[in-house]
Amino acid sequence: MERKTGYDQAGSYGLPASIELSDAAPPLLIRVDAAFGIIEWSGDPALYDLNLSRGVDARRELAFLVGLETHKSLALPMLWIRGNRPIHCYLIPLSRDSEAQILILDANVTDLADRKLRRQSEKSDILEYRLSQLEHELGDAKRDAARASELKSRFISSMSHEFRTPVTSVLGYCDLLEKQYGRDDRRLQGIRRSANHLLSLVENLLEHGRVVADRIEPVEEAVHLRRLFESIYMMFEPLAAQKELEFTITEQGCEAEEILTDPVRLRQIIVNLISNALRYTNEGSVRVVWRQRNDRLRLTVTDTGPGIPKDKWEHIFQAFSSLEDEHTRARGLGLGLSISQHLAVVLGGEILLESTPGEGSTFGADLRAPAAQPALTAPAGSGQTEAQRRILVVEDDMDVREYLAVVLSDSGYATTLAMNGQQALDKLQGGAVDVLLTDFNLTDFSGDSFMRQVRAAHPVLPMIAMSASNAEADRNVAFEAGCSAFLIKPFDLDTLLKELERSVGG
């Protein structure tokens with residue numbers, strides 16, 4: 001059959017281009033004149049049981065065209081012709097001489113295409129629904145991650161308090177016993193060594209959590225360098241003696257006795273470097289040299305340990321990494337150097353390393369250390385007498401409370417104790433107090449709400465806060481509530497007494 005006009009795709013008839021008509025029965029296109037006389041056709045009439053001839057009225061074969069006009073377009077869906085065959089018919093006017101085209105489509109084919117389109121649409125709807133579900137799940141996951149991060153932060157803060165508070169009492173009572181039995185008592189040296197080791201492990205774990213969460217907030221305070229290194233020497237000398245190592249800390253110059261820095265993080269860096277050197281050195285010496293000059297603190301820790309191959313230098317600064325061989329059985333979490341490196345950056349500096357295998361290692365720290373402003377001293381005659389030095393201690397931990405009662409009484413203070421905020425408020429109403437020393441997180445009050453109540457009733461009473469948290473946010477809240485000093489547990493007795501003297505004498 002000769003095809004006068006080529007129509008292979010449905011898109012040629014204004015139908016959806018996705019319908020492939022050539023896959024099944026092809027369409028039949030008949031061109032007629034104004035009287036429906038057949039001019040030509042394209043397609044196979046026999047497929048639709050039609051007998052077409054040129055010049056013959058098409059309505060003889062397609063009776064449903066009777067009464068229609070060729071100049072009006074029309075869609076006639078779902079008709080049945082001979083053999084009960086379903087078709088779709090479209091009347092399409094042409095511009096010339098009122099001619100028209102009659103398009104006949106197999107309804108079975110187009111319905112199949114329609115179903116295919118509907119299925120594709122349904123699949124698209126399903127995909128859109130699944131996409132919306134995934135977006136919702138992603139939002140839930142982000143919220144869960146944010147909640148997990150917040151819970152982690154709370155856990156870090158809580159664990160800091162839970163660990164620091166008992167270590168404060170252990171080290172405090174160790175100080176008291178050393179006054180009675182002497183610092184050479186091996187039993188007390190063991191207690192102090194274990195307590196310091198525990199504190200170091202806990203600090204590194206908590207600091208690692210802060211590093212991962214990007215929550216390290218340095219707190220600047222005045223730090224007396226000579227006292228700091230003296231306390232560190234007293235901390236490590238017994239351990240070095242136990243291993244029969246020569247241990248020295250040497251000063252090479254100090255332009256400012258007190259510097260402004262984060263005391264907890266500075267001490268942590270020094271302790272980690274020395275602890276690491278003592279851990280890996282089995283014979284010989286560990287020597288610490290430090291100097292403060294031009295607003296920088298530089299210190300080196302040199303040991304005669306096994307040394308570190310250069311290809312391992314980067315490895316040892318990774319978290320939970322350590323070097324062990326058949327000659328070394330050192331204990332540790334592998335966090336000390338990693339944490340020290342991060343803290344050094346926080347304190348405006350860096351950690352340096354030089355090492356030769358078989359000869360030893362030298363770790364250096366170069367840190368920002370500007371001079372602190374000198375503390376204001378009270379004018380002569382303005383201070384109070386010993387009998388007037390009355391202090392109220394508010395501490396919910398019984399061991400820390402009793403320790404403070406002993407050391408403060410021995411230091412000349414008339415000490416009154418309170419186990420919670422309400423008891424302290426009652427005691428303040430009943431008697432005069434020269435200075436208030438309070439834990440920042442009490443069982444019945446948050447630190448700032450307790451201090452605000454005290455400040456409202458006693459506007460000029462000096463208040464010193466103690467906290468197991470070294471978060472800058474807590475420190476800021478405490479100062480806003482009216483405290484004059486913020487001590488981080490565990491603190492040494494000299495630091496506490498110095499702050500008390502400033503508060504009572506100022």
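Kindly provide the set of residues from segment 259-285 that are open to solvent by 20 Å² or more (accessible area, probe 1.4 Å), in contact with a Pro (Cβ under 8 Å, 6 or more places away or on another chain) and closer than 18 Å to residue 491 by Cβ, ordered by number. Of everything in segment 259-285, just one residue is open to solvent by 20 Å² or more (accessible area, probe 1.4 Å), in contact with a Pro (Cβ under 8 Å, 6 or more places away or on another chain) and closer than 18 Å to residue 491 by Cβ, namely 260.
Conditions tested, residue by residue: (1) farther than 20 Å from residue 227 by Cβ; (2) modelled with pLDDT of 90 or more.
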{"position": "271", "(1), (2)": "no, no"}
{"position": "280", "(1), (2)": "yes, no"}
{"position": "289", "(1), (2)": "no, yes"}
{"position": "297", "(1), (2)": "no, yes"}
{"position": "303", "(1), (2)": "yes, yes"}
{"position": "321", "(1), (2)": "yes, no"}
{"position": "332", "(1), (2)": "yes, no"}
{"position": "336", "(1), (2)": "yes, no"}
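Within segment 278-295, if we keep just the residues that are outside any loop (DSSP other than H, G, I, E, B) and in contact with a Gly (Cβ under 8 Å, 6 or more places away or on another chain), the residue that is nearest to residue 241 (Cα to Cα) turns out to be 279. Restricting to segment 240-268, name every residue that is modelled with pLDDT under 90 and of a type in the set (Val, Ile, Thr). Result: 264, single match. Within segment 183-238, restricting attention to residues that are open to solvent by less than 30 Å² (accessible area, probe 1.4 Å) and among the aromatic types (Phe, Trp, Tyr), the residue that is modelled with the lowest pLDDT is 236. The set of residues from segment 455-472 being of a type in the set (A, V, I, L, M) and within 37 Å of the chain's Cα centre (by Cα) comprises 463, 464, 465, 466, 468, 471.
Among the residues making up segment 296-310, those that are within 10 Å of residue 360 (Cβ to Cβ) and not in a loop (DSSP other than H, G, I, E, B) are 302, 303.
Just to be sure before I move on: is residue 300 within 17 Å of residue 352 (Cβ to Cβ) and either in contact with an Asp or Glu (Cβ under 6 Å, 6 or more places away or on another chain) or polar (S, T, N, Q) (or both) in the structure I sent?
yes
Based on this model, can you work out whether residue 295 counts as without any contact (Cβ under 8 Å) to a residue 24 or more places away in the chain, among the acidic types (Asp, Glu) and surrounded by fewer than 19 Cβ atoms within 10 Å (Cβ to Cβ)? It is false that residue 295 is without any contact (Cβ under 8 Å) to a residue 24 or more places away in the chain, among the acidic types (Asp, Glu) and surrounded by fewer than 19 Cβ atoms within 10 Å (Cβ to Cβ).
Only residues that are touching an Asp or Glu at 6+ places or on another chain (Cβ under 8 Å), open to solvent by less than 40 Å² (accessible area, probe 1.4 Å) and more than 12 Å from residue 395 (Cβ to Cβ): list them for segment 411-446, please. Within segment 411-446, just 412 meets the criteria. Name the single residue, out of those in segment 92-104 being of a type in the set (S, T, N, Q) and outside any strand (DSSP E or B), that is most open to solvent (accessible area, probe 1.4 Å). Per the criteria, the residue is 95. Just the residues that are closer than 10 Å to residue 32 by Cα and open to solvent by 20 Å² or more (accessible area, probe 1.4 Å), please, taken from segment 48-91. The answer is 54, 55, 56, 57. When segment 485-504 is limited to residues that are in contact (Cβ under 8 Å) with a residue 12 or more places away in the chain and charged (D, E, K, R), the one that is least open to solvent (accessible area, probe 1.4 Å) turns out to be 489.
If you go through segment 464-484 and keep only what is open to solvent by less than 10 Å² (accessible area, probe 1.4 Å) and in a helix (DSSP H, G or I), you end up with 478, 481. Here residue 456 does not qualify as modelled with pLDDT under 85, surrounded by fewer than 20 Cβ atoms within 10 Å (Cβ to Cβ) and out of contact with any Lys or Arg (no Cβ under 6 Å at 6 or more places or on another chain).
Per the listing 399, 444, the residue uniquely more than 20 Å from residue 484 (Cα to Cα) and not in a helix (DSSP H, G or I) is 444.
The set of residues in segment 477-506 that are modelled with pLDDT of 85 or more, under 32 Å from the mean Cα position of the chain (by Cα) and not β-branched (Val, Ile, Thr) comprises 478, 479, 480, 481, 482, 483, 484, 485, 486, 487.
Looking at segment 267-277, can you tell me whether even one residue there is charged (D, E, K, R), assigned to a helix (DSSP H, G or I), within 25 Å of residue 466 (Cβ to Cβ) and touching a residue at least 12 places away in the same chain (Cβ under 8 Å)? Before the answer, list the steps.
Let us first name the residues in segment 267-277 that are charged (D, E, K, R), namely 267.
If we keep only those that are assigned to a helix (DSSP H, G or I) too, we end up with 267.
After this cut, where a residue has to be within 25 Å of residue 466 (Cβ to Cβ) as well, the list is 267.
Right, trim to touching a residue at least 12 places away in the same chain (Cβ under 8 Å) and you get 267.
So far as segment 267-277 goes, yes, one or more of its residues are charged (D, E, K, R), assigned to a helix (DSSP H, G or I), within 25 Å of residue 466 (Cβ to Cβ) and touching a residue at least 12 places away in the same chain (Cβ under 8 Å).
The values are calculated or read from the model by the stated rules, or taken from the named source; none is laboratory data. Worth saying up front: this structure is predicted, and the values here are computed from it rather than measured. Every residue, glycine among them, receives a Cβ derived from its backbone with ideal geometry; neighbour counts consider all protein chains shown. Just the protein is used for accessible areas: all its heavy atoms, side chains included, with ligands, DNA and RNA removed. Shrake-Rupley method; radii C 1.70, N 1.55, O 1.52, S 1.80 Å.
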